[in-house]
């Protein structure tokens, strides 16, 4: 979550005004997801929309800096420091094989049902049996959806 800006907060770098409206839209979506009712949902299911919005916002900042080169290094560092993007997730996206990683919990083997295994969203689609729908307990991705967010 981005830090609250006050009169004593350091001014944003040049170029922030250009992307501020998009980041405000993500903040509104995040507030709506946080205030959504949890009734009738499974244990972690209420966190899935929040994780998706956080992923999308981080991916937006990542692509602005690394893919399109539309923002400066100073603005990119400031956005990470202020909490607009997940720096650890972006660090993984820069590595080969993790370009479409959805969340950091999906690569932690200690959180899986079987020790040493990987999350279902990290398994290649070719290795998943046909007509099998398996959901990730961490981020809510199913094996059918995994092509859009995960590798």
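At a glance:
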| quantity | calculated |
| --- | --- |
| Residues within segment 99-117 that are in a loop (DSSP other than H, G, I, E, B) and either more than 13 Å from the chain's Cα centre (by Cα) or at pLDDT below 80 (or both), tallied | 7 |
| Scope segment 1-35; condition surrounded by 12 or more Cβ atoms within 10 Å (Cβ to Cβ), part of a loop (DSSP other than H, G, I, E, B) and more than 19 Å from the chain's Cα centre (by Cα); matching residues | 12, 13, 15 |
| Residue check, residue 49 surrounded by 11 or more Cβ atoms within 10 Å (Cβ to Cβ) and closer than 29 Å to residue 137 by Cβ | yes |
| Qualifying residue in segment 61-75 (condition: at negative phi, in the same structural domain as residue 32 (by TED's automatic domain parsing), crowded, with 18+ Cβ neighbours inside 10 Å and in contact (Cβ under 8 Å) with a residue 60 or more places away in the chain) | yes |
| Conditions (1) more than 18 Å from the chain's Cα centre (by Cα); (2) in a helix (DSSP H, G or I); (3) loosely packed, with under 12 Cβ neighbours inside 10 Å; number of the one not met by residue 38 | (2) |
| Condition broken by residue 32, with the remaining ones in (1) within 23 Å of residue 72 (Cβ to Cβ); (2) at pLDDT 90 or above satisfied | (1) |
| Residue check for residue 132: surrounded by 11 or more Cβ atoms within 10 Å (Cβ to Cβ), modelled with pLDDT under 85 and out of contact with any helix residue (DSSP H, G or I) (no Cβ under 9 Å at 6 or more places or on another chain) | no |
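The values are calculated or read from the model by the stated rules, or taken from the named source; none is laboratory data. These numbers were taken from a predicted model, which means no experiment stands behind them. Here the Cβ is made from the backbone with ideal geometry for all residues, glycine too, and neighbour counts use every protein chain on show.
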